[in-house]
1. Can you tell me which condition B:Asn100 does not meet? The list is (1) polar (S, T, N, Q); (2) outside any loop (DSSP other than H, G, I, E, B); (3) farther than 22 Å from A:Gly175 by Cα, and all the others hold.
2. May I ask you to list the residues in region A:145-170 that are within 14 Å of A:Val89 (Cα to Cα) and over 15 Å from the mean Cα position of the chain (by Cα)?
3. Quick one: would you say A:Ala122 is more than 14 Å from every other protein chain (Cβ to nearest Cβ) and under 22 Å from the mean Cα position of the chain (by Cα)?
4. Identify, please: which residue in region A:159-189 is surrounded by 17 or more Cβ atoms within 10 Å (Cβ to Cβ) and more than 22 Å from B:Gly77 (Cβ to Cβ) and is, among those, nearest to the other protein chains (Cβ to nearest Cβ)?
5. Taking A:Gly173 as meeting all but one of (1) over 23 Å from A:Ala64 (Cβ atoms); (2) under 20 Å from the mean Cα position of the chain (by Cα), write down the number of the exception.
6. Kindly provide the set of residues from region A:231-241 that are under 21 Å from A:Tyr78 (Cα atoms) and either in contact (Cβ under 8 Å) with a residue 60 or more places away in the chain or in contact with a His (Cβ under 9 Å, 6 or more places away or on another chain) (or both), ordered by number.
Amino acid sequence: MAAIDQAPAPPALRILRSTLWAGARLVSIALLLTAWELVARSGIVTPFQLPALSAVLERIWNDAASGDLAINTSVTLYRAMVGFFIAAVGGVVLGMAMSRSAAARWFFDPIISVGFPMPKIAFLPVVILWLGVFDISKITMIVFDAIFPVVAATVIAIQGVERELIWSARNMGAGQRELLWQIVLPAALPTIMTGLQVALPLSLIVAVVTEMLMGGYGLGGAMMTASRFANSTGVFAGIVEIAVVGYALVKAMALIRRRLLIWHQESQNFPSP
Amino acid sequence: MASAAQIIIDRVNHLYRPPRGREVLALDQVSLEVANREFVALLGPSGCGKSTLLYLIGGFLPVETGAILIDGEKVAGPGPDRGIVFQHFALFPWKTVRGNILYGLERQGMPKEEREKRAMDFIELVGLHGFEDSYPSQLSGGMKQRTAIARTLAFGPDILLMDEPFGALDAQTRALMQSELLRIWQRTPKTVIFVTHDVQEAVYLADRVAVMSARPGRIKTIVDTKFDKNDPDILKAKAFVEKVDEIWHLVREEAIKAQGKRA
C-alpha cells in the first residue's frame, strides 16, 4: 500500500493538494452554516426560534467590540484551564502513586472504577452548599470531572511500559528515581497525553455547564442571561462562541502533542516497519 | 572450583509463577561454566527457559536456588559489567540514536566531551554514521538492533548477554548482522552468551553450543563448535554442515517433546 501512496510529487503540487484537502474538510461545516442562514431567512421558522447566522455573527461582533466577549471568554477559559491543570497534575501524580504502591492501588482503584462512569454533576448541589457559587466551586467541579480520564490513562500507560525498557535502563545504572523520571514517564507520555486530550474538552464542558447552573459571568452564564431575557440571538451567539473556543483548545492540544511526541511513530511521515 | 571460568552457573533452579494458575519449573539444576572471552550459544526449543537463564545471569530476575557467580562474585542484581541486548531492541523511543547510546555513559558520570566522543566511536563501529540524530521509529529493524548493540557495548560491559537479538529481523538482515557481530566481537573481545533457536546461527557464531532440553530446561549437551570464523565459505564447509545437522537432531528431539507436552 505504501508503495502506491508514495509516488513523489513536486513540492508545489503537494502544497496545493494539502491546502485543498484542508479546505475540503471545512465543506461540511460551510454547508451546515449556509443551511442555517437559508432556513432562518426562509420564513419557515421565526427569528426567535432560529435567528439568522448573520444576525448571530453581528451580535458576536458587538459583544467583541464592547469587551463582553473578551471578559466572558477569559473567565470561562480561566476556570476551565485552572481546573484542567489541577486535574492534569493531580491525575498524573495519583496515577503514578497507584502504579507504584499497592496500598494506593488498593484504596483508589475502587473509587476510580465507581467514580469514572458516574455523572459527577450530581455532586453540584453539595459543592454549592460547601463552597458557594463562585470560582472555587466551579473549578472544583471541573477537577472532579476531568481527573478521572487522567488517572485512568496514567495507570494504563505505566502498566504498559515494556519490561525490557526498564531492564535496559537498570542495566545502564539507572536508580529508582531515574527510572521513574527518565524512563517510565517518557515511555508513558503518549498514553497520558491521550488522557489529557480527553480531560481538556471535558474541562470546558463542565466550566460552561456550571456557569449555566450557578450563573455569573462566563460564556455559559452569558447564555443563561440571554435566555432569561428571551434573547435567542444571544443564546445562539454563545453556542457559536463555545464551539470556536472548544475547537481552538482541542487543536492547540493536538499541536502540543505533536511537539512533545516528535519521536513517536505517529509523528513520522512514513509507515511503521 | 579452581577453574578459570568467568561465569559459573551452579545448579540453578527457577520457578515461574504466573499471575494465575500453577507455578512451572522453568529451569532444573542448570550448571554451566563460561570462560573469559568465550562465545557460548544457548540453544533450545521455545519455552525451554533459555531467555530466563539469561535474565538470571543479567540479574533482572532473582536467583532463588543455586548460584550464579561472575568473577567469583554472586549475582545480586543488574550491573554494568553485564550488558544485555534484547530481541525487540528495547531502545528508548524518545531518544535519538546518539541519546540512547549516551544514556548509559551519563549514568556512569563520564565527562561530556568524553562521552560524546565515545558515543560517536560506537556509532561508527556499528555502521550508523549519519543516523546519529534519528529516532528509533525512523530506523529499520537492523539499524535499531545496531543501535541497541552500540548502546550496550558503549558502557563497556565485560559480558554481553544477547537474547535472540536477530530473531525479529528478516533473513538477509539477519545474515548480515551475524557477520557484523563477529566482526565487532573480534575487535572488542568480550564474553558472549547468545540465546537463539536457530541452529546454524548458533554453530556459526559460537565457540560452544549448549543445547537445552524442553521444559523444565536443563543443559542437555554442550557441543564444541569452533570454526574459522573468517572463512567466507564456512557455511558450506562439510564439517560445519555436519555439525549443524548433529545439533539440529538434538534440538529436534526436544522440540518434539515440547510439542507433546503441550498437546
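1. Evaluating B:Asn100 over (1) polar (S, T, N, Q); (2) outside any loop (DSSP other than H, G, I, E, B); (3) farther than 22 Å from A:Gly175 by Cα leaves (3) as the failure.
2. A:Val151, A:Ala152, A:Thr154, A:Val155
3. In short, yes.
4. A:Pro186
5. (2)
6. Listed by number, the residues that qualify are A:Ala237, A:Val240, A:Glu241.
Let's see how each residue does on (1) of a type in the set (A, V, I, L, M, F, W, C); (2) crowded, with 17+ Cβ neighbours inside 10 Å; (3) within 13 Å of chain A (Cβ to nearest Cβ):
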{"site": "B:Gly66", "(1), (2), (3)": "no, no, no"}
{"site": "B:Gly72", "(1), (2), (3)": "no, no, no"}
{"site": "B:Arg82", "(1), (2), (3)": "no, yes, yes"}
{"site": "B:Pro93", "(1), (2), (3)": "no, yes, yes"}
{"site": "B:Val97", "(1), (2), (3)": "yes, yes, yes"}
{"site": "B:Gly104", "(1), (2), (3)": "no, yes, yes"}
{"site": "B:Glu114", "(1), (2), (3)": "no, no, no"}
{"site": "B:Ile123", "(1), (2), (3)": "yes, yes, no"}
{"site": "B:Leu153", "(1), (2), (3)": "yes, yes, yes"}
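So that you can scan it fast, the table gives a plain yes or no per residue for (1) without any contact (Cβ under 8 Å) to a residue 40 or more places away in the chain; (2) of a type in the set (Lys, Arg):
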{"site": "B:Arg11", "(1), (2)": "no, yes"}
{"site": "B:Arg17", "(1), (2)": "yes, yes"}
{"site": "B:Leu27", "(1), (2)": "no, no"}
{"site": "B:Val30", "(1), (2)": "no, no"}
{"site": "B:Arg37", "(1), (2)": "no, yes"}
{"site": "B:Ala41", "(1), (2)": "no, no"}
{"site": "B:Gly66", "(1), (2)": "no, no"}
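The values are calculated or read from the model by the stated rules, or taken from the named source; none is laboratory data. Because the structure is predicted, anything quoted here is derived from the model rather than measured. When we count neighbours, we look across all protein chains shown, and the Cβ atoms used for this are built from the backbone with ideal geometry, even at glycine.
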